[in-house]
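Before any comments, here is the structure.
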Amino acid sequence: MTTLTRLDTVEAFGELREFLRLRQDPRQTVISVCGFTGCKVNGSDAVAEALKEEVRKQGRDDVPVKVTGCHGFCEKGPLVVILPQGIFYQKVGLKDVEAIVEKTVIGGEIIPSLLYTDPRTKEQYKLESEVPFYAKQERVVCRHSGKIDAARIEDYIAVGGYSSMVKVLTEMAPEEVIDEMKRSGLRGRGGAGFPTGKKWEFCRMAEGDEKFIVCNGDEGDPGAFMDGSIMDGHPHAVLEGMLIGAYAIGATHGYLYVRTEYPLAIRSLTRALEQAHDYGLLGENILGTGFSFDLELTRGAGAFVCGEETALMASIEGNIGSPRQRPPFPAVSGLWGKPTNINNVETWANVPVIIDRGAEWFASIGTEGSKGTKVFSLVGKVNNTGLVEVPMGMTLREIVYDIGGGIQKGRKLKAVQTGGPSGGCIPESLMDLRVDFDELVKAGGMMGSGGLIVMDERTCMVDVARYFLEFLTDESCGKCNPCREGVQQMHNILERICAGEGKDDDIDILLELAEYVKDSSLCALGGTAPNPVLSTIKHFRDEYEAHIRDHKCPGGVCKALIQYGINADACKGCERCAKECPQDAITGEKKQPHTLDREKCIKCGVCFETCPFDAVYTE
């Protein structure tokens, strides 16, 4: 990497920012290509390179091609947006590159085949801001998505990056910064929702000659990728937030803790650290203000339990990542016994914009008890999967239907699982619940770090609980008996129920075990592990009873309790199920109803999933 010119004064930073700002022409055509995982696996890197070659070939070197962080609409990648108009193209392939440059960039024409078409209304949308997936979002953390190249610190500085840090270092006392955080109402986005300003205040007030801050980037929930996308696409926002927090708390050193399974985030953060050091925005005597702070990146081995604060700190210290008893809390005795403040990725990324726009502005978004926005990974049986950022207070129904586009194949919504493995399942009847830390808990769920899994009528809620308990059994560190043994015993019971061997008292035993594990476990992993069981029994007890008493699986998932069949009235004879069946158990003439031989059927479920007419049923 080319060494950048080190900035030794606040004035020098101001001059650089003004130079970069003036160099930007808001009317300039820019081709923005999403470079995050969902688009990358579908070939966005090759599309970006081809676009760069094509603009050179067409003599339009004045049109930059920017590979940016996540645009959000992962379902439709690779995504390409033509700025400043905001023309939105989806599912772009190499075959489309020449036309995009010739027709749209040079000719000003729209390519209808690349526009997003709403599958329900059949309406096409030309601009990104008009696409229903984006229309109801409110971007705060992801406000620069699709507009800046995360690989270039200059892009971040040009849109105001690091100006909040300069403001804090030159205009505000540490206590004023903490007060601003408290007035903003920002609560930790890692799951617990503890007020950020109070957390900082506790650490600042703690006695100690050395203090640390930590960014928890150990995102490990199945189906979650919010923090990964922020670290990849907005690394400098995370760094700037940590610099501000370090100044407020009085820390001189910090750690970015990221799981090894996030190579894109690690690459992006490593590059951002190098750039910030080269510009003098990290290290000794930052911008001549007398404030010194440095950061280093630590890779986690991928243990889910290391998302818990004390286990994370043990891992940073080079020990086995297992939790310890609290108190003392990290704010008093954290890394190496020193006062330590830990926030997650999204929390840190919120800090610069709060300083920039003010606590009152941030507090004006959201609900009384939950301010600002929340970034979710929207996945599961929903039409529009991806990364969404919505104001606190939006209902789950709006997220699933207005942003997510409803349930796949026109099926019925059954439940939404929030908060990851330690969260809960919220039924369709409660979809008008507002996204709020406290309201979700009342319904048996939790905010968590932001995973949101949508389930349809073909989901077995007992199997869902079994799946998450299996995950938590594997991820338990085994240090305390309630978690090590209790979660395993709950999982064993769920396995039996799904296998058709449930007993009449299994539900009562599960509830008793759940309360014991919840109240007695050492850390939050065990303390919240029973949530999938408790919430599914609370809202879907009838499914447990059907498994145990009737030996039926209403969702048609548990193999021991189902038989597949074909509804002759619904079958169109398309032969898709017959072609997919690995046992040749389905026979019939083309365009005539098919039959299924249950003697040959191994209950793999392929026919059930592939039939476009829902002619395959379970009983």
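The values are calculated or read from the model by the stated rules, or taken from the named source; none is laboratory data. Given the structure is predicted, the values throughout are model-derived calculations rather than measurements. Here Cβ is always computed from backbone atoms with ideal geometry, including for glycine, and neighbour counts include all displayed protein chains.
Some points to look at:
- When restricted to residues that are hydroxyl-bearing (Ser, Thr, Tyr), closer than 20 Å to Cys142 by Cβ and assigned to a helix (DSSP H, G or I), region 155-184 contains 4.
- Filter result for the condition that a residue is modelled with pLDDT of 95 or more and over 22 Å from Ser364 (Cβ atoms), over Val166, Val177: Val166
- Among residues of region 208-223 being in contact with a Pro (Cβ under 9 Å, 6 or more places away or on another chain) and at pLDDT below 95, the one that is farthest from Ala331 (Cα to Cα) is Pro222.
- Residues in region 225-271 that are surrounded by fewer than 22 Cβ atoms within 10 Å (Cβ to Cβ) and of a type in the set (A, V, I, L, M, F, W, C) were compared, and the one that is farthest from Glu175 (Cα to Cα) is Leu264.
- Every residue from region 278-312 that is touching an Asp or Glu at 6+ places or on another chain (Cβ under 8 Å), under 20 Å from Gly245 (Cβ atoms) and either assigned to a helix (DSSP H, G or I) or of a type in the set (Gly, Ala, Ser) (or both): Gly280, Gly283, Leu287, Ser292, Gly307, Leu312
- Summed over region 337-357, residues that are in contact (Cβ under 8 Å) with a residue 12 or more places away in the chain and over 17 Å from Ala246 (Cβ atoms) total 3.
- Counted residues, region 185-202 - those being in a helix (DSSP H, G or I), more than 16 Å from Ile355 (Cβ to Cβ) and touching a helix residue (DSSP H, G or I) at 6+ places or on another chain (Cβ under 8 Å): 2
- Wholly within region 1-95, helices (runs of 4 or more DSSP H) carrying at least 2 residues that are within 24 Å of Val388 (Cβ to Cβ): 37-40, 44-57
- Of the residues examined, Asp550 is not one that is acidic (Asp, Glu) and within 12 Å of Cys601 (Cα to Cα).
- Whichever residue in region 401-423 is within 26 Å of Gly146 (Cα to Cα) and either under 15 Å from the mean Cα position of the chain (by Cα) or of a type in the set (Phe, Trp, Tyr) (or both) and, among such residues, is surrounded by the fewest Cβ atoms within 10 Å (Cβ to Cβ): Tyr401
- Any hit, region 590-606, residues being assigned to a helix (DSSP H, G or I) and closer than 28 Å to Arg466 by Cα: yes
- Identity of the residue in region 424-441, among the aliphatic types (A, V, I, L, M) and under 20 Å from Glu457 (Cα atoms), that ends up surrounded by the most Cβ atoms within 10 Å (Cβ to Cβ): Ile426
- Qualifying residues in region 110-154 (those that are part of a helix (DSSP H, G or I) and among the aliphatic types (A, V, I, L, M)) - the one nearest to Cys39 (Cα to Cα): Leu114
- Every test in (1) without any contact (Cβ under 8 Å) to a residue 12 or more places away in the chain; (2) assigned to a loop (DSSP other than H, G, I, E, B); (3) aromatic (Phe, Trp, Tyr) is passed by Phe329 save one, and that test is (1).
- Here the condition is being of a type in the set (Asp, Glu) and free of Cβ contacts under 8 Å to residues at least 40 places away in the same chain; of Asp456, Asp432, it holds for Asp432 alone.
- Of residues in region 332-376 being in a loop (DSSP other than H, G, I, E, B) and out of contact with any helix residue (DSSP H, G or I) (no Cβ under 9 Å at 6 or more places or on another chain), the one surrounded by the fewest Cβ atoms within 10 Å (Cβ to Cβ): Glu368
- Gly573 vs. criteria at positive phi and more than 32 Å from the chain's Cα centre (by Cα): yes
- Residue selected from region 294-310 under the condition surrounded by 21 or more Cβ atoms within 10 Å (Cβ to Cβ) and either among the acidic types (Asp, Glu) or more than 26 Å from the chain's Cα centre (by Cα) (or both), by the criterion farthest from Pro330 (Cα to Cα): Glu308
- Members of region 479-496 that are in contact with a Lys or Arg (Cβ under 8 Å, 6 or more places away or on another chain) and in contact (Cβ under 8 Å) with a residue 12 or more places away in the chain: His491, Leu494, Glu495
- Candidate set: region 240-287, residues that are of a type in the set (A, V, I, L, M, F, W, C) and without any contact (Cβ under 8 Å) to a residue 60 or more places away in the chain; chosen: the one farthest from Asp218 (Cα to Cα): Leu282
- Check on Leu269, aliphatic (A, V, I, L, M) and assigned to a helix (DSSP H, G or I): yes
- Residue ranges of helices (runs of 4 or more DSSP H) in region 490-564 with at least 1 members more than 29 Å from Glu609 (Cα to Cα) and in contact with an Asp or Glu (Cβ under 7 Å, 6 or more places away or on another chain): 524-528
- Pairing each residue of region 98-119 that is within 18 Å of Phe133 (Cα to Cα) with any residue that is of a type in the set (Gly, Ala, Ser), provided the two are 6+ apart or on different chains, yields C-beta distances under 8 Å for Asp118/Gly405; Pro119/Gly405.
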